[in-house]
Amino acid sequence: MPATATAVILTADREITDTGRPTSITRAGAPALISTGGFAYRTKRPVPGTDTFETGVLAWGRDADELAAQYAETVGGWGRYRAAGGTGPQLKVYPAGTAIDPDTQHRVVNKTHTRIVVSWPAGAQPGR
């Protein structure tokens, strides 16, 4: 993974989404990973003949392959964890700049005013 990858929410304004392109980015936003070399975001497409959809990852830029692989592994890990009866992540929100213990198994989402720490019960680290 590119060392500078950051989790963000990617959004598109109404003029763009009303054109039908990009269809996978809603006005509400799609989780994404960005780096100085590209970005990757979650997308979905209908499964023909059903009322379900398939989740996927689209990525762009020189880091596209690495970002897409990391994103896909994270989403797949969550799915495997939930299918095995996992309870889901624990979220803690701290003010921006708060020091986070580097020895703890977690993921950190840095926002403008906060740091969101996502962790799972001991022994259940999806996507890792």
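The numbers here are math on the coordinates, done by the rules we state, and not lab data. Just so it is clear, the model here is predicted, and its values are computed rather than measured. Glycine gets a Cβ as well: all are built from the backbone with ideal geometry, and neighbour counts include every protein chain shown.
Brief remarks on what is shown
- FRET efficiency estimate (nearest 0.05) - Cβ-Cβ, His113 to Trp78, R0 25 angstrom: 0.45
- Counting 0.36 nm for each residue step from Arg45 to Leu91 and taking away their Cα separation leaves a gain of 13.7 nm.
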